[in-house]
Amino acid sequence: MKRLFHAIMLAAGLAFGLSTSASGELPVAPFQAHYEVYGQGLSLGEAVMSLAADGSGGYQMSSDVRPNGLVALLASASVSERASGEIRDGRIQPTRYERQMETSKKSGDVQLRFDWSAGRVEARSGTRQVTLPLSPGVVDPLSLNMVVMRDLQRDRLPKQYTLVDETALRTFQIRNEGEEVLDTSLGRLRTFRVSHSKPGNTRITTFWFAPELRYLPVRIAQHKKGKEVMRMEIRTVERQP
């Protein structure tokens, strides 16, 4: 169960869509998206993800995964993520990232602090703390979504992305799998199907991005050795004042 919720947390890292202007502004209407979370064919709970603009070129993001019913009684697992950053010269630059995971047996947290002037990121996971080199394009798991959305909008999806995953820099291979029409709770939607994986890893995460929803993913699924272990389905999207 811990591994399943950890997978959900990683998948949530690509769960928002927004556009940026050349001047670095974020003309984005704040919103909150709700997803139903499934694991091995069973409903596990809900994922609630939100995006807010924070001043000129600033952003704040959050993701919360909460179990429901019997799952909560058995696992008592929840995952919360928070990220903030800004747009500088057209680049997405995160400044802070935090993740908190709570289970019935133990808890764990991750903290990232990006220092762009010094070219480094301070990463802490539990009691382990390291300093990693920071180069243009490196992001945290939540801020990664903005890079992907922007590249999809520009039709410039690269073959890989690099992000700080706990206390290590990891490269994810990206594959554009074409278009697919999905029936969702929001209606019938045209989507772009994109998958990512780490080299040598049998776990593949696939996203279905809907252009008419600013490329918000309406489905996220994770497979290991060809078998689905997790899926998130869009339920509602709420615009915030």
The answer for the per residue Cα convex hull volume of the stretch 172-241, in Å³, is 104 Å³
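If the only charges are +1 at each Lys and Arg Cβ and -1 at each Asp and Glu Cβ, what is the size of the charge dipole of the stretch 95-241 around the Cα centre, to the nearest 20 debye? Provide the component values of the computation, followed by the final result.
Details: 27 positive and 18 negative charges, 70 e Å.
With Lys and Arg at +1 and Asp and Glu at -1, about 340 debye.
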As straight-line cross-link partners of LYS198, the qualifying aspartates and glutamates (C-alpha separation under 19 Å, not fewer than 8 residues apart within one chain) are ASP140, ASP165, GLU166, GLU177, GLU228
With +1 on the Cβ of every Lys and Arg and -1 on the Cβ of every Asp and Glu, the dipole magnitude of the stretch 125-175 about its Cα centre, in debye rounded to the nearest 20, is 180 debye
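Considering only the other residues whose Cβ falls under 9 Å of the Cβ of SER84, what net charge follows from Lys and Arg at +1 and Asp and Glu at -1? If you can, show how the numbers build up before the last one.
Numbers: positive: ARG82, ARG96; negative: ASP54, GLU86.
Residues near SER84 contribute 0 overall.
From the mean inverse distance of alpha carbon pairs (Kirkwood) and the Cα radius of gyration, derive Rg over Rh for the stretch 95-241.
Numbers: Rg = 16.9 Å, Rh = 17.1 Å.
When Rh is taken as the Kirkwood radius, the ratio is 0.99.
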Candidate cut points under trypsin sites (Lys or Arg not before Pro) in the stretch 139-241, DSSP loop plus at most 12 other Cβ atoms within 10 Å of their own Cβ, are ARG154, ARG156, LYS159, LYS225
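FYI, it's all coordinate maths here, none of it is from the lab. It should be emphasised that the depicted structure is a prediction, and the values quoted were computed from it without experimental measurement. A quick note on method: Cβ atoms are made from the backbone with ideal geometry, for glycine too, and the neighbour counts reach across all protein chains shown.
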